[in-house]
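Engineer: Supplied in C-alpha cells, the structure appears directly below.
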Amino acid sequence: MNGIADKLNACGDYFTAGFMTHDDGFFGALVSYLDNAPLPEYTGSELYPLCSVWRVRGILNYHYSSSVELDGAMLNRSMLDGAEKKALLDKYGKYHEVGSSIADRYALSGRGFTHYCPEPSDFFECALPEYFSCFEGDGAFREKMRSLGGAVVGYVRRIAVYLESFAGDRAKRLACAYRKFLSGRVDDFFDAFVRIVFVFALDGMDSLGNVDLMLSKYKRVGGEEKLFSELYEAYENNNAWNLALGLDPETAIVALNGFDGASRPNFSIKVDENTPASLWNACFDAMARGARPAFYNRRGYESEMAKRGVERDDIKRIAYGGCSETLVSGKSNVGSVDAGLDFLHVLSDILSAREYDSYEKLYGEYLNEIRNNLKELVHQVNAEMTAMRTRPQYIRSLLCPSCGASGKEYNDGGAKYTFSVIHFCALGNAVDSLYALKKLVFEQKLFSYGEVKGFIDDDFNGGEKYLRALDKLDFFGNDNAEIDIIAAEIFDTACAELEKHKTAIGNGEFLPACIMFNTAMPTGRMTKATPDGRRAFAPVANSGGSVTGRDKVSPTALLNSVAKINPMRAVGSWIVNITLSESFVKGDNARAALKALILTYMNNGGCQLQINLTDKTKLCAAVDDDELAKTIIVRVGGFSERFSNLNKETRKFIADRTQY
C-alpha cells in the first residue's frame, strides 16, 4: 500500500493516501488530511474558513453522512495503475454500500441519510485541547478520538500561523481569535462566532442549531450583522442547510437583519405566544427582502420530544438538520430522512390488485397495507442502521461529547439520542382519491368501480365526465370535515404503527414527518394515474398540505384541514407550504393578520409552516426567464433556493401553487 500512498501524496490526495495506509482507513484518511491538506485561501473576509475544511477533493472524500464517498471519475483520471486501482476498490468495497438495505419504493426523500447539528457552544468554555478531555479513558475508540483531536488542534494551529502571515486588521483579529481557541475560553461575541464557523466547517457545513442562544451572553459592539451575512453566503456557496433561531429574540433579530439576499440557510424560526413583536417584524422584514424562513411550533416540539425521552436540560438543543428534520444539537444521531412511505403508491397497488364492492372493504384493506408497508420499511431501515457500523463517522463522534461518555463511535450508538425520521408523502393525493371513490362510486353511484379503474388504466383518456365530476368535490385543504376525517385516520394509522417500533441502534424512536423538498415530481413518476384525477407519473402533493392548486378557499381553511390530523405528532417535521401575496408583510394590519394565522395554526397543533411570498405574475414569467429567476428566492418543499437553480418543471410546479 505504501507505493499507492506515495503516488497519492505526491498529487496532494492526502485523504485517500491515509485511507490506504491505515488499517482503519476512515480514521487514517481524516488524520492524514488534517495534517497535510492545504488550508482554504484567505481572501480578506471577516470570518474564516468560509468553506468546508474538507474542500480539497480526491479519489476518496469525507462525507458528513456516508463518512467516505468514492469519486469514480477521479479514480479513472488518477496516475494509479490497474492493480493499484483494484487494490483501492477492494479496500473500499469491504464496507457497506450506503442505502443498499432500503428498497427503491421506500427511498423517497432519503436512503439512510443523516444530517447533524454540532453544538459549537461546547467549545466556548475551554481551550480546544481541553475539549478533547471528554475522550479520556481506556479503549481503542477513545484513543483514536484523542489522536484525531490532536490532528484538529494541529490544523487550527496551522490556521493561526497562516492568518498571521497577512497584513490588515481583519486577518489579525481572526488570528488572535484562533490563538485564543487554542489557549482559553471565549470572551466576546466575535471569538464565539469564529468557533461556530470553524466547528461548522469541520463538520462539513451541514446545519447549525440555535445560534442566537449560543451567542446570547456575549456583548455586541455593532456590525455583527456582517458576520451573519458572511455566514449565509457560505451556506449558499457550500450548499449548506439549516439554521435555527428564536430562543434569544435580540440576537435572532441581529441574525435576521444580516440577511442580504443569500438563498440559504433554511431559516427555522421557533415561535410561540411569547415571541416578541420585534422578532416577528424582523422575520417579516427579512421576508420582504427575499428570505423564506419557516416557522416552527416551539412549545409543540419541546413537548413531543420530551415524550420521546429528551431530557429537560437538552430541550433547548432541539434543532433541525437539512430541510427540517428534528434532532438534538451535539447529542443525537438522527437518520434524516432514512426512508419514506408513499401513501398514494400503496393505494395504487391495492387498486391494481383487485376490485372492491364496498368502500369499507377498500378502506380497511388500505389501512392494513399501510401497516404492512411500515413494518417492512422499519425492518429495512434497521438493517441499514446496523450495517452502517462498518462506516464509522469519526468527525461527528469528535463533535458529539456523548460519544466520549459512552465510549462508542457515532454510528455504533455513541450519541445520547438516536432517532430515525420516516417521511410520509402524498397524503393529500391518497385522501382525495379515496374520497373520490367514496362519493362518486360507492355513494352517488355516478360511475362503477370498473369504469373508474378503466379511466385510470387509460390515463383518463375518455374519462372527461369523471374529471368534471371531480371538480365538484371539496378536496383536502378546504376545511371539509368529511374528507379531513379520512386524512386523520390514515395519518393516525401510520403514526400508531411507527410507535410500535424501536431503532436497531440506540433503541430510539421513529419520528414521522413529511419533508418533500424537491421530491414531489420524482416520487410521482413511480405511480400511474390515480382516482383523484392525477395523470400517470405526474407530481404528488408538494407537502403535508393539499394537492397543488386544490386549496381553493383560504389559507385558514387549508391550515384547519391540516390541523385536524394532529400534525405535531409527526415531530420529525410535518411541513406545509402556503403561498401568499407580498402584501402580507406590508403594513401593521397585514403583519398582524399573518402572525395570527401562524400562531392559530400552531395553537391548533400545527408543526411547521413555510411561506412563499410572491408576485404571481413575476413568478410565472420567471419559469422561462432565467435572468428574472435569479432575482427570486423560493421555499421549495423544505429548503429555500434561488429560482434559477431549479429546473423549469420544478419552477412551474411551484408557480402553480394557490396564491392567497
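Engineer: Could we say that ASP169 is surrounded by fewer than 18 Cβ atoms within 10 Å (Cβ to Cβ), farther than 17 Å from PRO265 by Cα and within 32 Å of the chain's Cα centre (by Cα) here? Steps first, answer last, please.
Structural biologist: On the way: surrounded by fewer than 18 Cβ atoms within 10 Å (Cβ to Cβ): yes; farther than 17 Å from PRO265 by Cα: yes; within 32 Å of the chain's Cα centre (by Cα): no.
Here the answer is no, as ASP169 does not meet what is asked.
Engineer: Just to be sure I understand the filter: pairs with C-beta atoms under 8 Å, separated by 6 or more residues or on different chains, first member in the stretch 308-321 and under 14 Å from ILE269 (Cα atoms), second member open to solvent by 40 Å² or more (accessible area, probe 1.4 Å) and not in a loop (DSSP other than H, G, I, E, B). Which pairs pass?
Structural biologist: Note: pairs meeting the criteria are LYS316/LEU213.
Engineer: For the stretch 16-27, what are the residues that are open to solvent by 10 Å² or more (accessible area, probe 1.4 Å), out of contact with any Pro (no Cβ under 9 Å at 6 or more places or on another chain) and either aromatic (Phe, Trp, Tyr) or in a helix (DSSP H, G or I) (or both)?
Structural biologist: Scanning the stretch 16-27 gives a single hit, THR21.
Table: residues versus (1) surrounded by fewer than 16 Cβ atoms within 10 Å (Cβ to Cβ); (2) at positive phi; (3) in a loop (DSSP other than H, G, I, E, B); (4) among the aliphatic types (A, V, I, L, M).
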residue: LYS552; (1), (2), (3), (4): yes, no, yes, no
residue: THR556; (1), (2), (3), (4): yes, no, no, no
residue: VAL562; (1), (2), (3), (4): no, no, no, yes
residue: ILE565; (1), (2), (3), (4): no, no, yes, yes
residue: MET568; (1), (2), (3), (4): no, no, no, yes
residue: THR579; (1), (2), (3), (4): no, no, no, no
residue: ALA590; (1), (2), (3), (4): no, no, no, yes
residue: ALA593; (1), (2), (3), (4): yes, no, no, yes
residue: ILE598; (1), (2), (3), (4): no, no, no, yes
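Engineer: Check SER336 against each of (1) of a type in the set (Gly, Ala, Ser); (2) assigned to a strand (DSSP E or B); (3) open to solvent by 10 Å² or more (accessible area, probe 1.4 Å) and name the one condition it does not meet.
Structural biologist: If we test SER336 against (1) of a type in the set (Gly, Ala, Ser); (2) assigned to a strand (DSSP E or B); (3) open to solvent by 10 Å² or more (accessible area, probe 1.4 Å), just (3) comes out false.
Engineer: Scan the stretch 347-388 for residues that are under 24 Å from CYS495 (Cβ atoms) and among the aromatic types (Phe, Trp, Tyr) and jot them down.
Structural biologist: Scanning the stretch 347-388 gives TYR359, TYR363, TYR366.
Engineer: Okay, moving on. Grab the helices (runs of 4 or more DSSP H) fully contained in the stretch 423-476, keeping just those with 2 or more residues being surrounded by fewer than 17 Cβ atoms within 10 Å (Cβ to Cβ).
Structural biologist: Here the list reads 449-457, 464-470.
Engineer: Taking the stretch 235-268 as the search range and keeping residues that are under 14 Å from GLU641 (Cα atoms) and small (Gly, Ala, Ser), which one is surrounded by the fewest Cβ atoms within 10 Å (Cβ to Cβ)?
Structural biologist: So, considering only residues that are under 14 Å from GLU641 (Cα atoms) and small (Gly, Ala, Ser), the one surrounded by the fewest Cβ atoms within 10 Å (Cβ to Cβ) is GLY261.
Engineer: Only one residue in VAL310, VAL346 is farther than 26 Å from GLU376 by Cβ, open to solvent by less than 20 Å² (accessible area, probe 1.4 Å) and among the β-branched types (Val, Ile, Thr), so which one is that?
Structural biologist: On the way: VAL346 fails: farther than 26 Å from GLU376 by Cβ.
Unique residue meeting the criteria: VAL310.
Engineer: State the number of residues belonging to the stretch 174-213 that are touching a residue at least 60 places away in the same chain (Cβ under 8 Å), open to solvent by 10 Å² or more (accessible area, probe 1.4 Å) and either assigned to a helix (DSSP H, G or I) or among the small types (Gly, Ala, Ser) (or both).
Structural biologist: 2
Engineer: Could you please give the count of residues in the stretch 388-422 that are within 22 Å of GLY25 (Cβ to Cβ) and either hydroxyl-bearing (Ser, Thr, Tyr) or outside any helix (DSSP H, G or I) (or both)?
Structural biologist: 14
Engineer: Hey, TYR64 hits all of (1) open to solvent by 10 Å² or more (accessible area, probe 1.4 Å); (2) over 27 Å from the mean Cα position of the chain (by Cα) but one; which does it fall short on?
Structural biologist: (2)
The values are calculated or read from the model by the stated rules, or taken from the named source; none is laboratory data. As the structure is a computational prediction, the values presented were derived from the model and not from experiment. Positions of Cβ are backbone-derived with ideal geometry, glycine not excepted, and every protein chain shown enters the neighbour counts. Each accessible area value is taken on the protein alone, full model and side chains, heavy atoms only, with ligands, DNA and RNA left out. Shrake-Rupley method; radii C 1.70, N 1.55, O 1.52, S 1.80 Å.
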